[in-house]
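Asks: Quick one: this structure, given as structure tokens, is what I'll be asking you about.
The values are calculated or read from the model by the stated rules, or taken from the named source; none is laboratory data. Computed from a predicted structure; not experimentally measured. Methodologically, a virtual Cβ is constructed for each residue, glycine included, from the backbone with ideal geometry; neighbour enumeration extends over all protein chains shown. Remember, those area values only see protein heavy atoms, side chains included, never the ligands or the DNA or RNA. Shrake-Rupley method; radii C 1.70, N 1.55, O 1.52, S 1.80 Å.
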Amino acid sequence: MERARVGLAMVIAALVAVGGVAAATGRSERARASARTLVVAYRTPADLAAALRGTGSVVVLRLTALRAAEVRTTVPASTLRRLPGIRSVSTPAARGAAAEPALAPSASSPGTAWEWQYAGAHEDGVPDSVLRAASSVRIAVVDTGADLAAPDLAAKSPAAYDTRTGTGDVRDDNGHGTFVASIAAGSVTNGEGIAGFGGDAQLLVVKAGSADGTFTDVDEAAGILYAIDHGARIVNLSFGGPGTTSIERHAIQYAIDHGALVVAAAGNEYAQGNPVEYPAALLQPVGSDGAGGAGLTVGASTQAGVRARFSNTGSWISLTAPGTNVLGDVSSLSSSAAYPRATLPGSAAGLYGYASGTSFAAPQVAGAAALVWAANPSLTARQVAQILKQTASGDGRWTPELGFGVVDVAAAVAMAQSGQTGVLLSGNRVKAKLHLTWSGDTSRYTLTLTSAGSSRIVLSATADTSAWVTLKPGRAYAFTVSAIDQTGATAATSAPLTIAVPDRRQTAGK
């Protein structure tokens, strides 16, 4: 919207200034036609001003904390890069909503609650006291905005901001942001519509995407910065795209450095080559097999607890949450073709519907994180993430399809209340070698191997969080990792990771 207003202002200014002089008008039209949007990183604001002075360039959006700006300019990127004080120049990277609205729209099957995902993630087992305590935690949903008149959102009186217009007008013509926000933090006490996963958590709606559901890395960064600077402890990003940029990486790091937990959707492109998506892979790095990481990457599961067929897989998946035919609030401004309305028995107001996608799995985890923090406010963001993985349905075992399994909100809250975070161990076999990765709430670990009835310590009191182990054919192995506390005692031990290696002679003739 801001771009449109700037462009119009330039046109009006040109017409007034030239008084209809054809040559000048032609030049200005050619200049506008050749203008492009660039992301300019600079050392100081004065350096940026000097670089743009006299060029007719327009700063569309400033990312002050990152010392970067989105600029509409006719100056070639190669020219800007050579100017004093300019650190880098790039083009905005596209980000698309990680959703498949109405992938299979239908009413819940008989005997299943309309909002089946609530019980499916064991949200219904969370103590009422924890739901109330979540009011101290703020969840930011960076998305296409939200319909603040939707009953489940209106009851929260959310803070709202549009990064492009600098106003609180976050009307959601697309519908994606409304659906995501309702799942993350819709009211659980208004007696209307659905129940969000965050209990009484505060909601901050940050509009960064356009009406067609597209984003750029600059939009994303601006949304993250605003969210963090305005008290968000959890940031939900239900969008993604191929590759990453320095702007995106610095924005994610800004959130991490400020102690926030970032939750992102893994994407729905499994049938299109199963690509690695960003920003999700910045939170759970490729090759990590779910261990460690700075945030949570969330895939989608079905009512049966298996991977949704569209959900991406890989070593960068943290865990999953229900993502097929989940129920949420629908924006009154959204297309009924994109977000079909479903009649919700007992509901007196608002619009509701079903949609599928990792976009709608991620906010369940964001809401769950708020409850974990409500149960134990002393936890760090990494500890919250660790607990959510540790208590998921995989019982501490990781797979590239489900990560550590389907989120179990009640179990995560219970572990947070106990003050323990446990140890996670995962492994990826590459021919005759096994790559092990682990994480926990400590700085020292001991890796133990059990095979053929005997055990031996592979690494003792190490600060490492990964190791390669050579495997021999015809043997079965079991690995465990123990967290060592400051006294040298074992504080927690992972679930065993078992693997059997076939004998070459047995498989050669098959």
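Asks: Return the residues of segment 253-275 that are crowded, with 24+ Cβ neighbours inside 10 Å and among the polar types (S, T, N, Q); say none if nothing qualifies.
Replies: ASN268
Table: residues versus (1) more than 17 Å from the chain's Cα centre (by Cα); (2) crowded, with 24+ Cβ neighbours inside 10 Å; (3) outside any strand (DSSP E or B).
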residue: GLY328; (1), (2), (3): yes, yes, no
residue: LEU344; (1), (2), (3): yes, no, yes
residue: SER347; (1), (2), (3): yes, no, yes
residue: SER359; (1), (2), (3): no, yes, yes
residue: VAL365; (1), (2), (3): no, yes, yes
residue: ALA368; (1), (2), (3): no, yes, yes
residue: VAL384; (1), (2), (3): no, yes, yes
residue: LEU388; (1), (2), (3): no, yes, yes
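Asks: When the residues of segment 211-252 are filtered to those that are within 18 Å of SER90 (Cβ to Cβ) and free of Cβ contacts under 8 Å to residues at least 40 places away in the same chain, which remaining residue is surrounded by the most Cβ atoms within 10 Å (Cβ to Cβ)?
Replies: Checked segment 211-252; the qualifying residue surrounded by the most Cβ atoms within 10 Å (Cβ to Cβ) is ARG249.
Asks: Is there a residue being free of Cβ contacts under 8 Å to residues at least 12 places away in the same chain, β-branched (Val, Ile, Thr) and outside any helix (DSSP H, G or I) anywhere in segment 406-416?
Replies: no
Asks: Among THR421, THR399, THR437, THR442, which is the only one that is open to solvent by less than 60 Å² (accessible area, probe 1.4 Å), at pLDDT 90 or above and polar (S, T, N, Q)?
Replies: Among THR421, THR399, THR437, THR442, only THR399 is open to solvent by less than 60 Å² (accessible area, probe 1.4 Å), at pLDDT 90 or above and polar (S, T, N, Q).
Asks: Somewhere in segment 316-326, is a residue among the β-branched types (Val, Ile, Thr), buried (at least 24 other Cβ atoms within 10 Å of the Cβ) and assigned to a strand (DSSP E or B)?
Replies: Filtering segment 316-326 down to residues among the β-branched types (Val, Ile, Thr) leaves 317, 320, 324, 326.
Applying the additional criterion that residues be buried (at least 24 other Cβ atoms within 10 Å of the Cβ) yields 317, 320, 324, 326.
Subset that is assigned to a strand (DSSP E or B): 320, 326.
Yes; the residues of segment 316-326 include at least one that is among the β-branched types (Val, Ile, Thr), buried (at least 24 other Cβ atoms within 10 Å of the Cβ) and assigned to a strand (DSSP E or B).
Asks: So, in segment 402-418, exactly how many residues are over 18 Å from the mean Cα position of the chain (by Cα) and open to solvent by less than 10 Å² (accessible area, probe 1.4 Å)?
Replies: Of the residues in that region, 3 qualify.
Asks: Okay, moving on. Step by step: first the residues of segment 182-194, then only those that are in a loop (DSSP other than H, G, I, E, B) and under 17 Å from ALA355 (Cβ atoms), then the one that is most open to solvent (accessible area, probe 1.4 Å). Which residue is that?
Replies: Residue satisfying both the conditions and the ranking: GLY193.
Asks: Of all residues in segment 42-56, which are more than 12 Å from LEU83 (Cα to Cα), in contact (Cβ under 8 Å) with a residue 40 or more places away in the chain and either touching a helix residue (DSSP H, G or I) at 6+ places or on another chain (Cβ under 8 Å) or open to solvent by 60 Å² or more (accessible area, probe 1.4 Å) (or both)?
Replies: Those that are more than 12 Å from LEU83 (Cα to Cα), in contact (Cβ under 8 Å) with a residue 40 or more places away in the chain and either touching a helix residue (DSSP H, G or I) at 6+ places or on another chain (Cβ under 8 Å) or open to solvent by 60 Å² or more (accessible area, probe 1.4 Å) (or both): none in segment 42-56.
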